[in-house]
Structures are given as C-alpha cells and as structure tokens.
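Q: Shown below is the structure under consideration.
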Amino acid sequence: MEFFPARIWVVIAAYNEAAVIHRVISDVVRCGYRIVAIDDGSADQTAAAACAADCVIRHPINLGQGAALQTGMDYALAQGADAIVTFDADGQHRAADIESLIRALENARADFALGSRFLRGPTGLPLSRRWLLKTATLFTQLTTGLHLSDTHNGLRAMTRRGASTIRLRQNRMAHASEILSQIAASGLSYVEVPVSIEYSAYSLAKGQRLSDALIILLDLFARRLYR
Amino acid sequence: MIAQVVLSLLLVGVAIYAGNERRRSPAVAVLSIIVAVAGLYFTWVPDHATHVALWAGVGRGVDLVLYIWVCITLIVLLNLHLKLRTQMELITILARAIALADVRSRPTEKPESQRMSDLAAARHMTDEPHQ
C-alpha cells in the first residue's frame, strides 16, 4: 500500500514547549504531512506557537504524554488517516526520518515502523542515559517478546489498522512500554527503522532519568493489579 | 476478650471490603482476604500466633497480629491508590471528550490558501539560521 502525505497525520504531543514547538511543526509542515498538535494543558503559549499545525487540540488539564498521543491518534483516525506518526515536540526528531518510516511501512508491509537511534552507529548519548535505555530494552524484550534495539523512541509510524489496535491507558511516560506490549498482543507486524536523534541541552533536560524509570516500572506493575 | 471481639469485627469488615473489591482488583482482594483470615485465626488462637511469631523471629504473638494489621493498612492504601488511578482514567476520558468536542465545534480544516501560507512561513523560518 502506498501512503500519500496528505493522508498521513503526524501527532505531536506538547507540554510547555512554546520555545521549540513552532520550529518542530514548521519542519514537519515543509514535508507536506498533516499535523495534529495536542497542547497537554500547558502553562505557556504552546497552543499559540503550534498554530502552523492543521489542528491544535487543547487538553483542559495536564494528563500526560500518553494521554495526549491517544487523543491525537483518535482525532487522526476520525479524520480518515491512512497512517499515523508520533513525533516528539522537543525538537529531538528529524522530520526527514518520517519518510523513512513511511517507506518502511510500505516496503515491509508492516503495521508498525519503530524508530531506533541505535541502528545508525554511535549516538552521542551520555553513558548513563545509554545504559538506562539498554536496560529498558532488555526489560521490554523480557516482558513483550519483541526484539527491538530502542524501546523508548517517540518516533514511530503505524498504519490505520495498527493505530486502531492501540488504546493507551498509561497517561504518563509508561505509555512507550504500553504501546510495545499492545503491538506484541496485536500480533501485527513491525519493523525497526534507523533514525537520528538530535540531542540538545533542552531535549536532554526533558528526557527521562533513573527515577523516571522506576516510576515507569511501578506504573506498569500497578496497571496489572486492576481492570 | 473485648479486644479480640473488636479486632475480629474489624478484620471481618476488611474481608467483606476485600470481597466487594474483587471484581475491580482481584490481586489486592485476594491478598486482603488472606491477611484478614490469618489475622482472625491468630486473634482467636494466640498460642499459634506465638509459635509462628517465634518461628518468624518476631518474638511475641501479639506483635505478629500487629504486623498483620500494618500489612492490611498498606494493602488498603494500595487499593486506594488503584482507585485513584481508575478515577484518573475516567477523568482522562472526560478531558479527551471535551478537547475533541471543542475541536469539532470550530472549523479545523484549513483552507488551501491558509495551508500554503503556513507552508511558506515555515519555509521562511527554516531558511533562517537557527540560534
């Protein structure tokens, strides 16, 4: 199946990203994709700065990135999207990589194309962050059975069928693991695609720390205790 | 005897509460019932509590019953946390519905001219060197 840019929706969840969101959205707009930006209850001017997006959805309160992505995916599906791409708002992804993900969906006939920063050689990532991500990757392999090299990459693409199987209930950072476990449960095909991450002081400050990893583990555990 | 009756009533209350919670969070319910039943048993057979306490290194049976009560408190706290998470999920569904309804109430489809001007503006911005 061939995907046309006008039928591809890029979902960008943003919380207090007024400083960078305009540039991020502008880069994606240049590629011709449709964009839905979700302002997750920001206290700054994120919604105004995201005006170049085709649609800006405002959560009345801050719910978390997972909740914002689900809102964006619901909207994109309602608009008839053939493919949906999730894209971080902090400027660490390159809009040009979206094309690689979409081509991977087409060529591999997969339902999910997952970005991996580790398939392109050295990442320039600080050692502590690299070990944290490697540990998360090992954990995901053990819990989902998916063989991936990068389990916490926010750049991913999915077909309409794939997106319809995702129903995020982890509002906060644990949604990245939840998506993978739902991909595994769906039985649909997936492929990993090399992508670049541009680390800046801004994006590193917004990234996850060891304490966040522990919270994610607790969130995932707590989610198993109730229906 | 009075203390035993009061403690038993409380433990029976915990077991009933856990039974009511079993549909929503089975793991917590089972855990609560097991601990409550153990507490009931040791309340009425304190000699066994002392034996188990000595075996576990607690020292006295009464201390063991106290520790069981602490366990129950922690389990109930966990259950409250899970209830809060359930409430948060409902709030999320509600907030999402409000956000999406707000979008539906205003025109979202950009006219082609607007889209082209956004594209031009984006091009202009990205042609400029970034700081």
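The values are calculated or read from the model by the stated rules, or taken from the named source; none is laboratory data. Keep in mind it's a predicted model, so treat the numbers as computed, not measured. Here the Cβ positions follow ideal geometry from the backbone for every residue, glycine too, while neighbour counts run over all protein chains shown.
Q: Out of segment A:48-58, which residues are under 21 Å from B:Ser105 (Cβ atoms), of a type in the set (A, V, I, L, M, F, W, C) and buried (at least 20 other Cβ atoms within 10 Å of the Cβ)?
A: The answer is A:Ala50, A:Ala53, A:Cys55, A:Val56, A:Ile57.
Q: Out of segment A:153-176, which residues are out of contact with any helix residue (DSSP H, G or I) (no Cβ under 6 Å at 6 or more places or on another chain) and assigned to a helix (DSSP H, G or I)?
A: A:Arg160, A:Arg161, A:Gly162, A:Ser164, A:Ala176
Q: Between A:Ser116, A:Ser177, which is hydroxyl-bearing (Ser, Thr, Tyr), under 21 Å from A:Asp97 (Cα atoms), in contact (Cβ under 8 Å) with a residue 40 or more places away in the chain and buried (at least 18 other Cβ atoms within 10 Å of the Cβ)?
A: A:Ser116
Q: Where residues in segment A:59-82 are in contact with a strand residue (DSSP E or B) (Cβ under 7 Å, 6 or more places away or on another chain) and farther than 25 Å from B:Thr86 by Cβ, which of them is surrounded by the fewest Cβ atoms within 10 Å (Cβ to Cβ)?
A: A:Gln79
Q: Is it the case, given these coordinates, that B:Val12 is touching a residue at least 24 places away in the same chain (Cβ under 8 Å), over 12 Å from B:Val76 (Cβ atoms) and loosely packed, with under 15 Cβ neighbours inside 10 Å? Spell out the reasoning first.
A: Values: touching a residue at least 24 places away in the same chain (Cβ under 8 Å): yes; over 12 Å from B:Val76 (Cβ atoms): yes; loosely packed, with under 15 Cβ neighbours inside 10 Å: yes.
For B:Val12, the condition - touching a residue at least 24 places away in the same chain (Cβ under 8 Å), over 12 Å from B:Val76 (Cβ atoms) and loosely packed, with under 15 Cβ neighbours inside 10 Å - is met.
Q: Hey, which of the helices (runs of 4 or more DSSP H) in segment B:7-123, taking only ones fully inside, have at least 2 residues that are farther than 29 Å from A:Arg224 by Cβ and either at pLDDT 90 or above or within 14 Å of chain A (Cβ to nearest Cβ) (or both)? Explain how you work it out, then say what you get.
A: Numbers: elements: B:26-44, B:46-56, B:61-104.
In segment B:7-123, the matching helices (runs of 4 or more DSSP H) lie at B:61-104.
Rundown of residues vs (1) within 14 Å of another protein chain (Cβ to nearest Cβ); (2) more than 18 Å from the chain's Cα centre (by Cα); (3) among the basic types (Lys, Arg), yes/no style:
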residue: A:Gly145; (1), (2), (3): no, yes, no
residue: A:Gly154; (1), (2), (3): no, no, no
residue: A:Arg161; (1), (2), (3): no, no, yes
residue: A:Arg167; (1), (2), (3): yes, no, yes
residue: A:Ala185; (1), (2), (3): no, yes, no
residue: A:Asp212; (1), (2), (3): no, no, no
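This table checks each residue for (1) farther than 30 Å from A:Cys51 by Cα; (2) more than 20 Å from the chain's Cα centre (by Cα).
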position	(1), (2)
B:Tyr67	yes, yes
B:Val70	yes, no
B:Val76	yes, no
B:His81	yes, no
B:Leu84	yes, no
B:Ile91	no, no
B:Ala97	no, yes
B:Asp102	no, yes
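Q: How many residues are part of a loop (DSSP other than H, G, I, E, B) and crowded, with 21+ Cβ neighbours inside 10 Å when one looks only at segment A:99-109?
A: Of the residues in that region, 0 qualify.
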